[in-house]
Every structure is written in C-alpha cells, then in structure tokens.
C-alpha cells in the first residue's frame, strides 16, 4: 500500500493521463508541459527528475511509443514514477475544479479504506 501523499499523486496522475489521452488539445498540453520542464530544468539543473521529464516529453511529442511510455509513468504506482511525479510538469493540465474533484474523491476513498493503486491484489 502506498503512503497517502504518494497515493494522492497517483490519482492526480490518473486524471492528468485521462485528460491528455482524451482531449483534442492533448498534444498542445504535452508541449506546454515540455516547455515548462525545459525552463525549470535550466533554472534547477540539479533536479534530475526535471531533466528526465524533458526527455520523456520530447519522446512523447515525437512518437506513439514515447506517449505510451509517458502514460505508463503517469499511471504507475512504482517508486520511480512516484519520484517523477514529485516534479510534475503538468500543473496546468487540470483546472482548479477538476483537481478539486480528484482530491475530494481521493480523500473520501482514503478515509473509507476503499482506495487502491490498481495493482492486482
């Protein structure tokens, strides 16, 4: 079972994936995320997660395989994905209302003990 904060970031990653995957402007959202990651990775070259985001977003913009790899990362409960989400370049993807909806649903599931990470038990 994931720690609460890691579980919450996974739920936000799921919502971001859904919007990127289903939105007509998903490609533009990926470009914005890449541009943000490039800008901040130049300001913070010590942040290895931002540097990896730049690589992954460039790959996602270049090929279907790159997009699928990015989506896998957003949906993964594994430690590396948790670490990557700590420097997520996707803050612009969800509206305040969408983010609030995800967080309220997460909180309700977490309190009831019904939240799960999607892995087979």
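General remarks:
- Evaluated against (1) over 13 Å from the mean Cα position of the chain (by Cα); (2) surrounded by fewer than 17 Cβ atoms within 10 Å (Cβ to Cβ); (3) part of a helix (DSSP H, G or I), residue 106 falls short on exactly one condition, (2).
- Taking the listed residues 49, 115, the one that is surrounded by 14 or more Cβ atoms within 10 Å (Cβ to Cβ), within 14 Å of residue 14 (Cα to Cα) and either over 12 Å from the mean Cα position of the chain (by Cα) or at pLDDT below 95 (or both) is 115, with no other qualifying.
- When the residues of region 81-100 are filtered to those that are in contact with a helix residue (DSSP H, G or I) (Cβ under 8 Å, 6 or more places away or on another chain) and in a helix (DSSP H, G or I), the one that is farthest from residue 6 (Cα to Cα) is 98.
- Of the residues making up region 39-60, those that are out of contact with any helix residue (DSSP H, G or I) (no Cβ under 6 Å at 6 or more places or on another chain), without any contact (Cβ under 8 Å) to a residue 24 or more places away in the chain and in a helix (DSSP H, G or I) number 5.
- Failed item, numbered, when residue 72 is tested on (1) more than 28 Å from residue 113 (Cβ to Cβ); (2) at pLDDT 95 or above; (3) surrounded by fewer than 17 Cβ atoms within 10 Å (Cβ to Cβ): (1)
- Evaluating residue 67 against the criteria (1) within 22 Å of residue 6 (Cα to Cα); (2) surrounded by 19 or more Cβ atoms within 10 Å (Cβ to Cβ); (3) at pLDDT 95 or above leaves one unmet condition, (1).
The values are calculated or read from the model by the stated rules, or taken from the named source; none is laboratory data. A quick note: this is a predicted structure, and the numbers were derived from the prediction, not measured. A quick note on method: Cβ atoms are made from the backbone with ideal geometry, for glycine too, and the neighbour counts reach across all protein chains shown.
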